[in-house]
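The values are calculated or read from the model by the stated rules, or taken from the named source; none is laboratory data. Since we're looking at a predicted model, the values are computed, not measured. Virtual Cβ from ideal backbone geometry, glycine too; neighbours counted across all protein chains shown. We work out accessible area using only protein heavy atoms, side chains counted, and drop any ligands, DNA or RNA first. Shrake-Rupley method; radii C 1.70, N 1.55, O 1.52, S 1.80 Å.
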Amino acid sequence: MIKNQPMSRRDFLKLCGMAAGAMMLPRSKPVFANRTQQFTEGANLGRVCVGDIGAWHEIKTEPDMNAPVAATAWRDDVFEIKREVVAKALDYNRYNQRWYEIPAGYIYAPNVQPVSYHVNQPLASLPLDNEGQPGLWVEITQPVVDMELTNAKSSASFWIKSVVSPKLYYHQVYWASQIRQVDGKTQYLLWEKYGALPDAYWVDAEACRPITAEEITPIHPDVGDKYIRIDYDNQTLSCLEGNREVYFCEVSTGYKRDGQYLTPPGVHTIWRKLVSVHMSAGGVSEYDSPGIGWTTLFHADGQAIHAVYWHNNFGSALSHGCVNARPDDAKWIWRWCNPQVAYYPGELTVQGGENSTRVEVAMANP
């Protein structure tokens, strides 16, 4: 099995998504045309997350890439996940052997974001921050959420103006600063505090879960000897207190390009942490990703441990240099490591790395 594939996130999207020429190929009839469908509260769901808008993926009759095609799933389609299974036969071209059984057949799990559907009770008013201004952090708790822009689309961030109808997605984190009522429904005004153009958009409050100050309190704050070890060869991350491992998870680090590891080997120090940040690179030619939660920066070139909602291929090296983690994993790591960050403003930058947790990126043959 090939674990550390030399594949960027953009290459991964291209490979798994729909290339322009492939649009002309015959495909089975899509079975998830209604994207406004309602789901049961707390249902175990999946959203097709890999590929640009319009990308499609085959649903197989069995958990096998060579099995007959049962149907087609399109980017942002949402469906029930009955269970996770392993591939019928070992696929030597892929590290991940996981598939999801869904009502229409089987779909390759790395292309699907596990999501749920939760309706939140809208707030009547927003709490005041440390400067006396209303606002709080919120997490998107529904698979795909519509938004209404407040400014001209032509002046917005690339991720907004590059598509006909921009959406928000499950597990994204934003700042809510205003409330309004429209046709009897409560909406929050969401925007990004860090790393973004001044975009703002109205979103259904029922899709936004308020993040409380209590749930981001530090984990084991009195422990001084904390250390994060990222195993590049096995694509795993361990949180250590002394010699004791207290947390372990799969991740996706940067791949190797032109002989260089995009996640730099060696020992680094955490220098910035943010509840949420907007990330873009290459003049947005490489990526432009909003609402990235639980970001822990450990290298001056911008490499960070952070939550991911655009793939489910953990265990494979495929990022531009950051360490991709499942949202729950990224949040635990963010809360556990130093420095500690207050709810307001939800960001901290330190100089010199004093009292900061060390991060080692280790590999057998760097």
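Annotations
- Of all residues in region 122-145, those satisfying the criterion of being among the aliphatic types (A, V, I, L, M), farther than 30 Å from residue 74 by Cβ and assigned to a strand (DSSP E or B) are 128, 136.
- Here 266, 291 are screened, and the one residue that is closer than 28 Å to residue 49 by Cα, open to solvent by less than 50 Å² (accessible area, probe 1.4 Å) and either small (Gly, Ala, Ser) or touching an Asp or Glu at 6+ places or on another chain (Cβ under 8 Å) (or both) is 291.
- One residue stands out among those in region 236-263 that are open to solvent by 30 Å² or more (accessible area, probe 1.4 Å) and polar (S, T, N, Q): the one that is modelled with the highest pLDDT, which is 243.
- Any hit, region 154-169, residues being within 24 Å of residue 125 (Cβ to Cβ), in a loop (DSSP other than H, G, I, E, B) and in contact (Cβ under 8 Å) with a residue 24 or more places away in the chain: no
- Among the candidates 204, 231, the residue that is without any contact (Cβ under 8 Å) to a residue 60 or more places away in the chain and among the charged types (D, E, K, R) is uniquely 204.
- There is at least one residue in region 114-121 that is outside any loop (DSSP other than H, G, I, E, B), open to solvent by less than 20 Å² (accessible area, probe 1.4 Å), touching a Leu at 6+ places or on another chain (Cβ under 6 Å) and within 22 Å of residue 328 (Cβ to Cβ).
- Taking region 308-366 as the region of interest, none of the strands (runs of 3 or more DSSP E) fully inside it holds 2 or more residues being among the aromatic types (Phe, Trp, Tyr) and touching a strand residue (DSSP E or B) at 6+ places or on another chain (Cβ under 9 Å).
- Test: residue 42 is touching a Gly at 6+ places or on another chain (Cβ under 6 Å) and modelled with pLDDT under 95: no
- Within region 150-186, tally of residues that are under 30 Å from residue 326 (Cβ atoms), open to solvent by 30 Å² or more (accessible area, probe 1.4 Å) and either over 19 Å from the mean Cα position of the chain (by Cα) or not aromatic (Phe, Trp, Tyr) (or both): 7
- Selection status of residue 277, open to solvent by less than 20 Å² (accessible area, probe 1.4 Å), within 28 Å of residue 161 (Cβ to Cβ) and within 21 Å of the chain's Cα centre (by Cα): yes
- Hits in region 205-235 (condition: outside any loop (DSSP other than H, G, I, E, B) and either in contact with a Cys (Cβ under 7 Å, 6 or more places away or on another chain) or open to solvent by 50 Å² or more (accessible area, probe 1.4 Å) (or both)): 206, 209, 214, 226, 228, 229
- Of all residue pairs spaced 6 or more apart or on separate chains, those with beta-carbon atoms under 7 Å, a first member in region 294-321 that is at positive phi and at pLDDT below 95 and a second member that is assigned to a loop (DSSP other than H, G, I, E, B) and open to solvent by less than 10 Å² (accessible area, probe 1.4 Å) are 321/263.
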